[in-house]
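Peer 1: Can you keep this structure in mind? I'll have questions shortly.
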Amino acid sequence: MIASVRNMIPAMGPIKGAKIFWILALLTSVFFYIEGKGLFPKWMFKIPRKSQLPIKKYFSSFMEWLVEDANFGFFTFKEMTRSFSWLLDVPLSFSTSLLSTGFLEGQGSQAVQILPPLSWIAVIAVVIAMGHYARDWKLAAFIGGCFLYLAVFGQWDSAMVTLASIVIAVPFGVIGGLFLAIAAYRSPTFEKCISPVLDLMQTIPVFAYLVPILFLFGFGPVAAMIATIIYAMPPMTRIAIMSLKGVPGELSDFGNMAGCTKRQLMWKVLVPSATSGLMVGVNQVIMLSLNMVIIASMIGAGGLGYDVLSSLRRLDIGGGLEAGVGIVVLAIALDRLSQAFATRPDPIHSDIPQTLIRRHPWTVTVTIIAIVTLVLGLVIPPIQSYPGVMELGVGTSLAEFVKWININYFDTLEGYKTFVLVYFMVPVKLVLLKMPWAWTILLLSVAAWQLGGVRLLALTLSLCLFILATGMWEKAMITVYLCGVSVIIACVFGIPIGIVAAENQRFGRIAQVMIDTLQTLPSFVYLIPVVMLFRVGDFSALVAVVLYAIAPAVRYATHGIQQIPPALIEAGVTSGCTKRQLLFKIKLPLALPEILLGLNQTIMLALSMLVITALVGTRDLGQEVYIALTKADTGRGLVAGLSIAFIAIIADRMIAAGSKKAKQRLGLG
Amino acid sequence: MNSSVKLSCRGVWKIFGSGAEDFLQKHNNKPSSHDLKNAHLVGGVRDANIDIHSGEIFVIMGLSGSGKSTLVRCLSRLIEPTGGEILFDGQDLLKASDKEMIEIRRHKMGMVFQHFALLPHLTVLGNVAFPLEVQGISKEKREQQAQSIIELVGLKGKESFYPRELSGGQQQRVGIARSLAVEPEIWFLDEPFSALDPLIRREMQDEFIRLQNVLKKTIVFITHDFEEAIRLADRIAIMKDGKIIQIGTPEELVINPATSYVAEFTQHIPRAKVLTAGLLKAAFDSSVETAGTLPHDAIIADVADQVEKSDKPFAITGPEGTPIGLLTREMVLDVLVGREVVL
Ligand SMILES: Nc1ncnc2c1ncn2[C@@H]1O[C@H](COP(=O)(O)OP(=O)(O)O)[C@@H](O)[C@H]1O
Ligand SMILES: [Mg+2]
């Protein structure tokens, strides 16, 4: 990261003194690197345990106090968490019964099914109906096909468990986010309070959420559900605040003039007028919930995520791939469906008098199908659940295929891996680890000061000191190294792809589809092929992170080029630029602020993915969180999680400041 | 005259920025532009005093950013004024509770917006019935009432359409119908025709005049178009930088612009369209033979044909119907060709 910051500085403008400083700094760093660690005392690289601040302990004892002793007068904290669990457990068991287990009477193994779950035919009918309602027959067929795939390829049961969680998590996330947004819309003070919390929640890596939740709510589907909701709510809140604020002032003026009460104004005027924005939020909540439900299999959510996780642990290549493809299919189906709802054409008037059946054709059809298959299913079991004998298992053939690749291309793959490791990853790692922390913090502070003045300097310094004082410095440097190399590679591939996509329409469309698909996939999925081809280690992590984080690099580069006013390009053409000159002298400089924003997003995604790659054996902060998770050690998990969030915040603020400077310099407002 | 004042505002200020109220008090309710600038505040409305009479069309005219929207929103208290008082039927609106304000707006006020402000998820019928819906009136009753207003504004047959299926002019008709649904006593229109094409604008102005002839509402009409103001207004207030510079009938503004700023608007307006026979008349002389009589408030342009055709002058009758002066062909011609006229 330091390297990338360093590269940015000269581009920032004609600061002569600054240039000299950075050249000297570079020379000094090279000197430190060559001389090695011997130059400094040991504590310059690792703070001894006894001088570390015992923040982990504080967190842990605070959590213990919460669970054991906290009492708010009318109720204890434990009672509060219990009632939360209960509140979620009721709808969750209902939806699980409906989609997966059927409604049971009695406990455990003596349970008797009194009503079977919805038949697979009925579920497919429901999604087809939703597809047609949201757009057209083409989408309906596509969604139906996706679900049919799940049935035919033996993923149905797990997929329904996953779906049952999503069906409950999404309304909670959407409604919770909307209510927070409404409160923020009404009270600017409240908005000021939650805005930094939302920022932090979006940068804290997902695993770090899981640790305290595991501690408070125990292992199980409800804890997983809570993690999912907490994870998916911040973006909904943010989008909802934006959509409410985006409602034209005239509309709220009108509402007031019509004599609306505050509540009428909100629910009859503002919320309906903001629907299209809110639906974008709903799509986000669905996709984030899916992502999290898969990850939360680590704290007890069953379903497809659990299948992947246990396959990875057993190194069962075929099983992992099958479940992974199942997740991909489910993700794409849910994404297309919810996007279709978000962009549904507005209603058109109709003059035909409406009967119940005419008005709700799909509700009626689906209800009939559900009842008929329920009754018939009692007599003919294949109608109730897809017959096992007709299932196609692709697990073994997939495993064979991977084996075949590994046998025939082992040398090639290994060659790439070694090359990148030896000539790129290891050197970067060594550079970062060989710098004493004081020097690194000094350089970061100077960069912060140049980019954003005293405030950014203070922020950077205090966040760095937190990481240092909690004894996380070395692991943080490994995180920075992994994140840095991944981001560099993502940009080296992503930005040129984005530029070509902006210049060439056909290529642009193909790139668009690929990027969209990459972005809908839950992060967990990326681990599967990577582990299979490269086994565990830093390189596997690198590949997974690059795949996950490349999308914004491409997307922002494309957008950056496309948003350049045509007049400027015409000016370039008429003054006789060649295509090359046009690109390098006009387009790229003007697209720079956007490209920097893309870089920012790429870093954020890379950090969030990095934590998940702890599963494939990295040794960074992610691993720290992962270990904390397996030990339910809240203090350790939170400190490591916060350290990652702080790295993200430092990177984010610096790049934002850089992008702003670049924009000002270009006079782009 | 005072008894018929419907809405009046006294010393109303709206200052944007933090600490506006303290600032206003500190400067004794009379801060200058200079004071405002030094305190980094924006004077949206500065010391506005107007009386709006029952049944008149009161136009507020000014260029964009002059504070018209802010003033009209102060009058309905959509924006909380920083200082002053607003009397509606003698009651100070600024002292009314939230609940009272809701009641007043539900039953006595209506407003039309520049960009229509229609609710996208409701049909024409739903939009027009909306103000009745929030009052809790039953669906059947409110739709019946809405239906009759939709017919009044000429949108019969479009009840089940959604706003985006309509043209701009039709959308504003919905906005007008909706604001009339509660039969308001005072009707605010904030640049209602500014977003429309010139031809449609003209048509809507005619429609507006026709409606007012039927309804006889008390109207506050905002525009940035001086010609529109002249066409529609009984009286006009000219605003600049948040201040009201001059209030008067179109004729008064044209004849006696208070500042060169007002004069700039009025100088391009053909006098014949503004001057009335009563103002132009020569002294009455009963010995002169006349061609007929004309009322004192007849606009010259409207009677020019008639006067010009006859070689005898016309007698001008006053408010009581008695002759008060004479109007000759020469006088009308002077006005028409734009010669300097002595009044
Ligand atoms: N909420 C606000 N905050 C700060 N300034 C405002 C606000 N609303 C309006 N203004 C300023 O007040 C002045 C008058 O605005 P407005 O009443 O909308 O003008 P008009 O309707 O005549 O075009 C403008 O200079 C505008 O920038
Ligand atoms: Mg305005």
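The values are calculated or read from the model by the stated rules, or taken from the named source; none is laboratory data. Bear in mind the structure is a predicted one, so any value in this text is a computation, not a measurement. No Cβ is skipped: glycine too gets one built from the backbone with ideal geometry, and neighbour counts run over all protein chains shown. These area figures cover heavy atoms from the full protein model, side chains too; ligands, DNA and RNA do not enter into them. Shrake-Rupley method; radii C 1.70, N 1.55, O 1.52, S 1.80 Å.
Peer 1: Is it the case that some residue within the range B:169-180 is within 16 Å of ligand 2 (Cβ to nearest atom) and either of a type in the set (A, V, I, L, M, F, W, C) or within 13 Å of chain A (Cβ to nearest Cβ) (or both)?
Peer 2: yes
Peer 1: I would also like to ask the following. For B:Glu140, all conditions in the list (1) surrounded by 15 or more Cβ atoms within 10 Å (Cβ to Cβ); (2) more than 16 Å from ligand 1 (Cβ to nearest atom) hold save one; what is the number of the exception?
Peer 2: The failed condition is (1).
Peer 1: Also, I was wondering about something else. Mind checking whether some residue in the range A:210-222 is within 18 Å of A:Arg186 (Cα to Cα) and away from every other protein chain (no Cβ under 14 Å)?
Peer 2: No, the range A:210-222 contains no residue that is within 18 Å of A:Arg186 (Cα to Cα) and away from every other protein chain (no Cβ under 14 Å).
Peer 1: Further question on the same structure: Go through B:Ala146, B:Ala117 for me and flag whichever is within 14 Å of chain A (Cβ to nearest Cβ), under 26 Å from A:Leu251 (Cβ atoms) and either assigned to a loop (DSSP other than H, G, I, E, B) or within 16 Å of ligand 2 (Cβ to nearest atom) (or both).
Peer 2: Residue meeting the stated conditions: B:Ala117.
Peer 1: Scan A:Ser109, A:Ser61, A:Ser95, A:Ser85 and give me the residue that is more than 32 Å from the chain's Cα centre (by Cα) and assigned to a helix (DSSP H, G or I).
Peer 2: The match here is A:Ser109.
Peer 1: While we're looking at this one, here's another question. Applying the selection to the range A:232-254, what residues are under 13 Å from A:Ser276 (Cα atoms) and within 14 Å of chain B (Cβ to nearest Cβ)?
Peer 2: Matches in the range A:232-254: A:Ser243, A:Gly246, A:Val247.
Peer 1: Any residue at all in the range A:293-306 that is open to solvent by 30 Å² or more (accessible area, probe 1.4 Å), under 15 Å from A:Tyr209 (Cβ atoms), more than 13 Å from chain B (Cβ to nearest Cβ) and not acidic (Asp, Glu)?
Peer 2: no
Peer 1: Working only within the range B:92-109, note down all residues that are more than 7 Å from chain A (Cβ to nearest Cβ) and touching a residue at least 60 places away in the same chain (Cβ under 8 Å).
Peer 2: B:His107, B:Lys108
Peer 1: So B:Met111 fits all but one of (1) within 28 Å of B:Gln170 (Cβ to Cβ); (2) away from ligand 2 (no atom under 16 Å from the Cβ); what number is the exception?
Peer 2: (2)
Peer 1: Can you run down the residue pairs with Cβ atoms below 8 Å, 6 or more apart or on separate chains, where the first is in the range B:33-52 and within 14 Å of chain A (Cβ to nearest Cβ) and without any contact (Cβ under 8 Å) to a residue 12 or more places away in the chain and the partner is within 16 Å of ligand 2 (Cβ to nearest atom) and not in a strand (DSSP E or B)?
Peer 2: none
Peer 1: Only residues in the range A:387-399 that are in contact (Cβ under 8 Å) with a residue 12 or more places away in the chain count as the first member; pair them with residues that are open to solvent by 50 Å² or more (accessible area, probe 1.4 Å) and among the charged types (D, E, K, R), Cβ under 9 angstrom, at least 6 apart or cross-chain, and list the lot.
Peer 2: Final answer for the pair search is A:Gly395/A:Asp316; A:Ala399/A:Asp316.
Peer 1: Evaluate the range B:128-141: report whether one residue or more is among the small types (Gly, Ala, Ser), touching a residue at least 24 places away in the same chain (Cβ under 8 Å) and assigned to a helix (DSSP H, G or I).
Peer 2: Yes - at least one qualifying residue is present in the range B:128-141.
Peer 1: If we scan the range A:555-563, do we find a residue that is under 18 Å from the mean Cα position of the chain (by Cα) and either in contact (Cβ under 8 Å) with a residue 40 or more places away in the chain or surrounded by fewer than 19 Cβ atoms within 10 Å (Cβ to Cβ) (or both)?
Peer 2: yes
Peer 1: Given the structure, is B:Leu41 within 16 Å of ligand 2 (Cβ to nearest atom), in the same structural domain as B:Pro257 (by TED's automatic domain parsing) and surrounded by fewer than 21 Cβ atoms within 10 Å (Cβ to Cβ)?
Peer 2: In short, no.
Peer 1: Next up: Can you tell me which of A:Gly576, A:Gly635 is crowded, with 22+ Cβ neighbours inside 10 Å and either modelled with pLDDT under 85 or within 25 Å of A:Leu451 (Cβ to Cβ) (or both)?
Peer 2: Selected residue: A:Gly635, the only one of A:Gly576, A:Gly635 that is crowded, with 22+ Cβ neighbours inside 10 Å and either modelled with pLDDT under 85 or within 25 Å of A:Leu451 (Cβ to Cβ) (or both).
Residues are listed down the side, and each one gets a yes or a no for (1) in the same structural domain as B:Leu232 (by TED's automatic domain parsing); (2) more than 14 Å from ligand 1 (Cβ to nearest atom); (3) open to solvent by 20 Å² or more (accessible area, probe 1.4 Å); (4) touching a helix residue (DSSP H, G or I) at 6+ places or on another chain (Cβ under 9 Å):
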position: B:Ser18; (1), (2), (3), (4): yes, no, yes, no
position: B:Gln25; (1), (2), (3), (4): yes, yes, yes, no
position: B:Ala48; (1), (2), (3), (4): yes, no, no, yes
position: B:Ser69; (1), (2), (3), (4): yes, no, yes, no
position: B:Ile104; (1), (2), (3), (4): yes, yes, no, yes
position: B:His107; (1), (2), (3), (4): yes, yes, yes, no
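Peer 1: Filter the range A:214-252 down to the residues that are open to solvent by 10 Å² or more (accessible area, probe 1.4 Å) and among the aliphatic types (A, V, I, L, M) and list them by number.
Peer 2: Correct list: A:Leu214, A:Leu216, A:Val222, A:Ile226, A:Ile229, A:Ile230, A:Met233, A:Ile239, A:Ile241, A:Met242, A:Val247, A:Leu251.
Peer 1: Which residue, of B:Leu63, B:Leu122, is away from ligand 1 (no atom under 16 Å from the Cβ) and either open to solvent by 20 Å² or more (accessible area, probe 1.4 Å) or free of Cβ contacts under 8 Å to residues at least 24 places away in the same chain (or both)?
Peer 2: On inspection, the qualifying residue turns out to be B:Leu122.
Peer 1: Grab the helices (runs of 4 or more DSSP H) fully contained in the range B:244-343, keeping just those with 1 or more residues being within 30 Å of B:Gly67 (Cβ to Cβ).
Peer 2: Per the criteria, B:250-255, B:260-266.
Peer 1: Only one of these is within 16 Å of ligand 1 (Cβ to nearest atom) and assigned by TED's automatic domain parsing to the domain that holds B:Ile247: B:Glu100, B:Glu80, B:Glu56. Name it.
Peer 2: Just a single option satisfies the conditions, and that option is B:Glu80.
Peer 1: Scan the range A:155-174 for residues that are open to solvent by 20 Å² or more (accessible area, probe 1.4 Å), over 20 Å from the mean Cα position of the chain (by Cα) and of a type in the set (A, V, I, L, M) and jot them down.
Peer 2: Selection gives A:Val161 alone.
Peer 1: Out of the residues in the range B:188-234 that are in contact with a strand residue (DSSP E or B) (Cβ under 6 Å, 6 or more places away or on another chain) and either within 14 Å of chain A (Cβ to nearest Cβ) or open to solvent by 50 Å² or more (accessible area, probe 1.4 Å) (or both), state the one that is farthest from ligand 1 (Cβ to nearest atom).
Peer 2: Looking at the filtered set, the residue picked out is B:Asp234.
Peer 1: Are any residues in the range B:65-85 within 14 Å of chain A (Cβ to nearest Cβ) and of a type in the set (S, T, N, Q), and if so, which ones?
Peer 2: B:Ser69, B:Thr70, B:Ser76
Peer 1: Just to be sure before I move on: is B:Gly62 in contact with a strand residue (DSSP E or B) (Cβ under 8 Å, 6 or more places away or on another chain) and farther than 30 Å from B:Ile230 by Cα in the structure I sent?
Peer 2: no
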